[in-house]
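Reading through the structure tokens given below for one structure.
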Amino acid sequence: MLPRSARLTRSADFGSTVREGERAGSRLLVVHLRPAARTDETPRAGFVVSRAVGGAVVRNRVERRLRHLVRDRLAALPAGSLLVVRALPAAAAATSEELGRSLDRGLERVAAAVAS
């Protein structure tokens, strides 16, 4: 479980991250990363799993798996950055390993774009 201090909760944070952040997509996920406005904060993450992914049980399962995967990778993000992970419909049938690989590729691409 992500600690409360590492969660995106405000709609404005989700919106600004999606609009202003760097984006990398794959067949399973779209990863949005907004660089830090303040570097003294911990990175925070949020998830978007729409009805297109499936019913409530499927959506909650996908979100739980993504939360677990992001928790392990949060320390590698720049301090104060905001991350939004959007699940695409194919994520419902993907294994945790496939989601992890897709997440890693997306994070590498957006981190490189933010660093340059």
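Condition check: crowded, with 18+ Cβ neighbours inside 10 Å, touching a Gly at 6+ places or on another chain (Cβ under 7 Å) and of a type in the set (A, V, I, L, M). Does Val49 satisfy that? The answer is no for Val49. A count restricted to region 32-71 and to residues that are basic (Lys, Arg) and modelled with pLDDT under 90 stands at 1. Determine whether region 72-88 contains at least one residue that is at pLDDT 95 or above, touching a helix residue (DSSP H, G or I) at 6+ places or on another chain (Cβ under 9 Å) and either aromatic (Phe, Trp, Tyr) or part of a helix (DSSP H, G or I) (or both). Within region 72-88 (the criterion being at pLDDT 95 or above, touching a helix residue (DSSP H, G or I) at 6+ places or on another chain (Cβ under 9 Å) and either aromatic (Phe, Trp, Tyr) or part of a helix (DSSP H, G or I) (or both)), the answer is no, since none of the residues qualifies. Hey, any hits in region 88-102 for a residue that's in contact (Cβ under 8 Å) with a residue 12 or more places away in the chain and within 13 Å of Ala6 (Cα to Cα)? No, that holds for no residue. When restricted to residues that are surrounded by 14 or more Cβ atoms within 10 Å (Cβ to Cβ), among the small types (Gly, Ala, Ser) and either more than 23 Å from Ala113 (Cβ to Cβ) or more than 11 Å from the chain's Cα centre (by Cα) (or both), region 1-24 contains 3. Being assigned to a helix (DSSP H, G or I) and either of a type outside the set (Ser, Thr, Tyr) or within 19 Å of Thr95 (Cβ to Cβ) (or both) is a condition met by at least one residue of region 39-52.
Restricting region 25-42 to residues that are hydrophobic (A, V, I, L, M, F, W, C) and more than 13 Å from Val85 (Cα to Cα), the residue that is surrounded by the fewest Cβ atoms within 10 Å (Cβ to Cβ) is Ala37. When each of Arg10, Arg27, Arg34 is tested for being free of Cβ contacts under 8 Å to residues at least 24 places away in the same chain and of a type in the set (Lys, Arg), the lone residue that passes is Arg10.
The values are calculated or read from the model by the stated rules, or taken from the named source; none is laboratory data. Note that the coordinates shown come from a computational prediction; the quantities given were computed from them, not determined experimentally. Reconstructed Cβ throughout: ideal geometry from the backbone, glycine too, with neighbour counts over all protein chains shown.
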